[in-house]
Each structure stands twice: as C-alpha cells, then as structure tokens.
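Undergrad: Structure provided below as structure tokens; questions to follow.
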Amino acid sequence: MPIRPLTISGIATDAEGHRVSASVSVSVNEPTMFGSSVITSDGVNHYDAFDTLFGDIKISRTYCALNSDPTPYTSKYAAQDVSHNAASAVSIKYNPIDVISGSKDAVLSNFFAQFKPGKVRWWTYWHEPDDEIYVNSIFTSSDYKVAWAHINSIAEANVPANVDARPYLCVMEYSMRPATKHGPSSPRPFDGMYPGDFIQSIGFDVYSGWNDKTPYTISPSEQFDKLFSIGQQYGKPICIPEFGCSATPPTGVSLTRTQWITNALRYIKSRGDQISFITWWNDQFSDLTNDLAANTVWKSMCVNGWPGTP
Amino acid sequence: MTPTLALSTNKSVYTTGETITVTAAYTDEQTVAETLVINGSATDSAGNTVTATTTVTINSQQPEHMDVTVTDDGGRTYVMTSDQPGVMTFTATA
C-alpha cells in the first residue's frame, strides 16, 4: 500500500493582523485503486457501462488525443469522476517543441485550472513516449523531459489549492524487458524517459503479449519484477495505467484470460510493493464486456481492492 | 511574549478515509502562565507524616482569539470543530 507523506500547515492571525505559522507531518496509507479506461472518442457515457461491468471503479483512465482540446475531459469526464467519487488518471499529448515554445501555455493553464477536488487527479504527459524517442525519432529524450518539466510548472501554478493533483510517468513495460526475452531489439533506457523527481508514481502499461504479431506469454515474475525494481530505485510507487489481455492465448498455452489476470494479480499482491493504481484497458482486443469470467475478476478488484483477489 | 502556534494530530499514520483531527494551540503576549506547586501531607495517629507534591500550569489570562486556518499539501479541506480560547480543532478526511 503506497504511503504518502502529508504536511499539514496552520496559520494563526490575531486582531492586528500578526501571523504565526506551524506545521506537522503525518503519513497516509493509500490502498491501490482499481478501475478502467474511458474511451472519449465516441462520446458514450462509459460510466454507465462500468457500473454494470465493473461495479464501483475507484479510478478512470481518460485520454486526450494528440494536440487535442482537452475540453471533453474537463467538461464531461472530470465531472463524472467527481459524481462517481472516483480518482482520475488523465493523459495529455502535445509535441514537446510546441510545449517548450510556450504556445500551449494557455490551454494547459486552463486545463489544470479546471481540475476538480475530491479524489486524486493523476495526470501524465505523452504516455508511452518509448517509440517516439527510441524507434521513430519523433522527438528527443531531452525535449521530452524539458516539456514535462514545463508542463509540471504550469500544473503547480494553476491547479486549485483544494485539488490533490499528482503527475505520473507512463512508459511501456515492454520497453523494460531485456532484448533476449520478448523484449525490444534496441535499448529503451528508463532514465531517458524519466523527467524528474516531481513524478509521484511511475507507470508501466502492461499487456500479456497474446495479441502480438507472434503471440507469446511470459511469467508474472518476468513481467513485473523489473518494474518493482525501478520503483524502488527511484523511491516511487508504481502504477499500471493500462493492463490488458486479449481473449485468445498463444498456441500451446493452456491459460485463459481469466487465469492470466488472476496469476498477475496474485503475483503483484504477493510482492507487497507500492502500487498507486491499476486501470484495465477495456477496449478492442482487451474489452471484457462479453467475458463474464474475466470481468467478474476485475469487478471484484474494483469493488474490494486487493482483498478481492481471486 | 511572542505569539506561538503548535499543531498536533490524533495519529501519525492514517489510512485513506479516516478522519484526521488537528489540534491548533496558540498563545500570545497576553497569555500568562503560572506554575503552581501543590503540596500535600498526611499524618497518622502515631504522628508519622508523609508528603507529596505535584505541579500544574495555570493560564491566568487566556490569549486573545486568533483566526486559524489549516491546510495540507494534498488539497484537503479542514473543518473547524472546536474553538476554545487558545485551542482549536479541525478535521479532514485522509
């Protein structure tokens, strides 16, 4: 369970306007939150589906498309998170050069200024930059980090004082694998994507590999141990903003999707590491709408947290 | 006497959803604190005497009321639940 330090501050003012201040530090144990992705492109109110499919999700994962106006999130989905008493994990995506130039300052300032109080508002900039930096050379590691820091400064200046907004990094679990075992052919160093210690949770999008061009499966240990190591190295809890699996296992693999999910959850739980949140990628090959067994498992996690692990 | 403010909490570690209770104790230049030593003695029928002592603090003059606000770095809203001279309490949800 992530442990979050909390500093409580007080200011006393007398009738003459003289002030004196003090503070005290405490810690808050924060149980891992379980939830699901929200697809904004079709405008469907996915919370209606989630109430049936996953029960009481504790956090939603919402995406603002590349160079898009984040108004759909701020005007619609943020309010839904509040009404469902759920935390938010929202991503924004603008070209680093544009961010660095300051041309996005106004839209970013407005975006953060509209964050709503209640549960934690996790936010990230350009999730999964791995390919853009290390495969397609769309932008550099340096520009990515500079843009991140710039956006974080805008967030700190504009998020309302009564909102708990926290930046999280999101990269691919795939990128962290060694090349020799279902990993990328060229290095994708984590520190090339880590923008700085203002990050409050390190996120890895995790997929089973069952829908890969050459489907495969790896053990929970192979998939998750390195993620926990990175979290410990940087002194941060980790999160899994995308957690998904297709319905059909690779040839020769006798697992069902339900078993893959269960095995992964049991392993993560057994590790006892600090996990901020896990959101199921409920779309396309990973949609659990018609998979009763799998969505029953995920519903149990959303409603009960770790005690709901099969 | 320089005004002072001290904050304390009912626990050092909370779990999300629990109530955080913050006590804010303040003093100002008007606060006069006296130390009072109370002595007692007991004598039995044989004339044996035993003594004991204890010390207490008396604020013979309370501080003037001060307005106190409490916040934290997690954006919580703290609600005042008690306002006594020199001591106020606030609560929020962890």
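Undergrad: With the requirement that a residue be in contact (Cβ under 8 Å) with a residue 60 or more places away in the chain, surrounded by 19 or more Cβ atoms within 10 Å (Cβ to Cβ) and more than 7 Å from every other protein chain (Cβ to nearest Cβ), what does segment A:1-38 give you?
TA: Matches in segment A:1-38: A:PRO2, A:THR32, A:MET33, A:PHE34, A:GLY35, A:SER36, A:SER37.
Undergrad: Right, another one. Residues in segment A:165-180 that are touching an Asp or Glu at 6+ places or on another chain (Cβ under 7 Å) and either in a loop (DSSP other than H, G, I, E, B) or within 14 Å of chain B (Cβ to nearest Cβ) (or both): how many? Even if it seems obvious, please write down each step before you answer.
TA: At the first step, the residues of segment A:165-180 found to be touching an Asp or Glu at 6+ places or on another chain (Cβ under 7 Å) are A:170-173, A:175.
Those still in the list that are either in a loop (DSSP other than H, G, I, E, B) or within 14 Å of chain B (Cβ to nearest Cβ) (or both) too: A:173.
Residues meeting the conditions: 1.
Undergrad: I'd like the full set of residues that are within 26 Å of A:VAL163 (Cα to Cα) and either within 11 Å of chain A (Cβ to nearest Cβ) or acidic (Asp, Glu) (or both), limited to segment B:45-79.
TA: Within segment B:45-79, the subset within 26 Å of A:VAL163 (Cα to Cα) is B:67-79.
Those that are within 26 Å of A:VAL163 (Cα to Cα) and either within 11 Å of chain A (Cβ to nearest Cβ) or acidic (Asp, Glu) (or both): B:ASP67, B:VAL68, B:THR69, B:VAL70, B:THR71, B:ASP72, B:ASP73, B:GLY74, B:GLY75, B:ARG76, B:THR77, B:TYR78.
Undergrad: Ok, one more. Looking for something in contact with a Pro (Cβ under 6 Å, 6 or more places away or on another chain), at pLDDT 95 or above and of a type in the set (Val, Ile, Thr) - is there at least one such residue anywhere in segment A:246-267?
TA: Yes, that holds for at least one residue.
Undergrad: I'd like to know if segment A:171-191 contains one or more residues that are farther than 28 Å from A:SER254 by Cβ and touching a His at 6+ places or on another chain (Cβ under 9 Å).
TA: The answer is yes, given that some residue of segment A:171-191 is farther than 28 Å from A:SER254 by Cβ and touching a His at 6+ places or on another chain (Cβ under 9 Å).
Undergrad: For chain B, give me every one of the strands (runs of 3 or more DSSP E) that falls completely inside it and has 2 or more residues that are at pLDDT below 90.
TA: Per the criteria, B:32-43, B:49-61.
Undergrad: Output the number of the condition that A:ASN162 fails; it satisfies all remaining conditions of (1) at pLDDT 95 or above; (2) part of a loop (DSSP other than H, G, I, E, B).
TA: (1)
Undergrad: Across segment A:133-169, what is the total count of residues that are farther than 20 Å from A:SER109 by Cα and either among the aromatic types (Phe, Trp, Tyr) or buried (at least 20 other Cβ atoms within 10 Å of the Cβ) (or both)?
TA: Residues in segment A:133-169 being farther than 20 Å from A:SER109 by Cα and either among the aromatic types (Phe, Trp, Tyr) or buried (at least 20 other Cβ atoms within 10 Å of the Cβ) (or both): 3 in total.
Undergrad: Oh, and also: Determine whether segment A:142-158 contains at least one residue that is free of Cβ contacts under 8 Å to residues at least 12 places away in the same chain and either in contact with a Pro (Cβ under 9 Å, 6 or more places away or on another chain) or among the polar types (S, T, N, Q) (or both).
TA: Within segment A:142-158, one or more residues are free of Cβ contacts under 8 Å to residues at least 12 places away in the same chain and either in contact with a Pro (Cβ under 9 Å, 6 or more places away or on another chain) or among the polar types (S, T, N, Q) (or both).
Undergrad: Go through segment A:105-127 and give me each residue that's surrounded by 21 or more Cβ atoms within 10 Å (Cβ to Cβ), not hydroxyl-bearing (Ser, Thr, Tyr) and not in a helix (DSSP H, G or I).
TA: Listed by number, the residues that qualify are A:PHE115, A:VAL120, A:ARG121, A:TRP122, A:TRP123, A:TRP126, A:HIS127.
Undergrad: In segment A:1-89, which strands (runs of 3 or more DSSP E) lie fully inside it and hold 1 or more residues that are of a type in the set (A, V, I, L, M) and more than 22 Å from A:ARG166 (Cβ to Cβ)?
TA: A:3-13, A:19-29
Undergrad: Determine whether segment A:211-229 contains at least one residue that is part of a loop (DSSP other than H, G, I, E, B), within 14 Å of another protein chain (Cβ to nearest Cβ) and touching a residue at least 40 places away in the same chain (Cβ under 8 Å).
TA: no
The values are calculated or read from the model by the stated rules, or taken from the named source; none is laboratory data. Bear in mind that the values here come from a model prediction, so they are computed numbers and not experimental data. So basically every Cβ, Gly included, is an ideal-geometry build from the backbone, and we count neighbours across all protein chains shown.
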